[in-house]
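Only one structure is covered here, and it is reproduced in the block below.
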Amino acid sequence: MRYSALAIAGILASAAALALLSGFATTKSLLNSFFATGIADVASEPIDVKNDLTNLTPAAGAQGHVDLGNITIYARKDVNITKLEIRVANAKQLAPLFDYFMVKFTTWDMKGTVSESDDVLLEEKGYATLWKPAVIILDHEDFNTDLNSDGNKDAKIKVEVFYEVREGMLFDNVPVLLNIKVLSTS
């Protein structure tokens with residue numbers, strides 16, 4: 001009888017320890033937290049990014065290139081060099097639609113004229129594919145020397161997509177989402 005009482009006490013103690021362990025694991029789990037969507041504004045970051053990119057609208061079996069628009073990088077006046085990683089965020093969505101897909105990033109100086117022929121392309125900065133990001137470096141030659149009204153300078157990056165659509169694809173409009181990560185600033 002004494003051994004059975006000790007066995008029952010041991011089982012109860014292990015059950016209590018297991019209950020405490022599972023309760024601790026639940027409080028440390030990511031499932032007990034909440035996520036919110038929306039816009040985050042971090043005023044202390046050394047750069048800010050704005051884009052005016054459009055969607056890609058190719059036909060089935062088409063190939064070629066299209067100008068998607070511009071990304072503008074705003075840097076504080078004390079930033080001289082910025083290193084960015086740009087990747088295609090919706091690569092899994094685009095992969096079944098295209099046989100070939102590449103994004104080219106070129107810095108340029110927009111003169112503010114009506115005609116783009118007056119604008120000056122500065123330098124090809126990099127290429128991204130669906131599975132390989134582009135790492136680009138913007139230096140003092142890429143940023144406009146004219147400071148904005150808030151004291152910041154900006155660099156404009158032209159975004160072009162080179163593609164070949166798979167035969168039989170029936171879509172007329174697909175977004176190209178870019179994820180821009182700041183690797184370093186100096």
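With a Förster radius of 22 Å, plug the Cβ-Cβ distance of Asn179 and Glu124 into 1/(1 + (r/R0)^6) and report the FRET value to the nearest 0.05.
FRET efficiency, Asn179 to Glu124: 0.60.
Calculate, for Val135 and Ile11, the FRET efficiency according to 1/(1 + (r/R0)^6) with r their C-beta to C-beta distance and R0 45 Å; round to the nearest 0.05. Mind dumping the intermediate values first?
Numbers: r = 58 Å, r/R0 = 1.30.
With a Förster radius of 45 Å, E is 0.15.
Pop the C-beta distance of Asp67 and Ser186 into the FRET formula with R0 = 25 Å and round what comes out to the nearest 0.05. List each step's numbers first, then the result.
Details: r = 31 Å, r/R0 = 1.23.
My answer for the efficiency is 0.20.
Points 7 angstrom from Cα along the Cβ direction at Phe162 and Asp99: gap in nanometres?
Computed distance between label sites Phe162 and Asp99 equals 1.6 nm.
How would Lys158, Lys92 line up by accessible area, probe 1.4 Å, largest first? Intermediate results must be reported in sequence, preceding the final value.
Working: Lys158 35, Lys92 175 Å².
The ranking, largest first, comes out as Lys92, Lys158.
Tell me, in nm to one decimal, what length is gained between Glu85 and Asp52 on full extension, where the rule is 0.36 nm per residue of separation less the Cα-Cα distance?
Values: separation 33, 0.36 × 33 = 11.88 nm, distance 1.85 nm.
Answer, rounded to one decimal: 10.0 nm.
The values are calculated or read from the model by the stated rules, or taken from the named source; none is laboratory data. Keep in mind it's a predicted model, so treat the numbers as computed, not measured. Cβ sites come from the backbone with ideal geometry, for glycine too, and all protein chains shown count toward neighbours. Quick note on the areas: whole protein, heavy atoms, side chains included, nothing else; ligands and nucleic acids left out. Shrake-Rupley method; radii C 1.70, N 1.55, O 1.52, S 1.80 Å.
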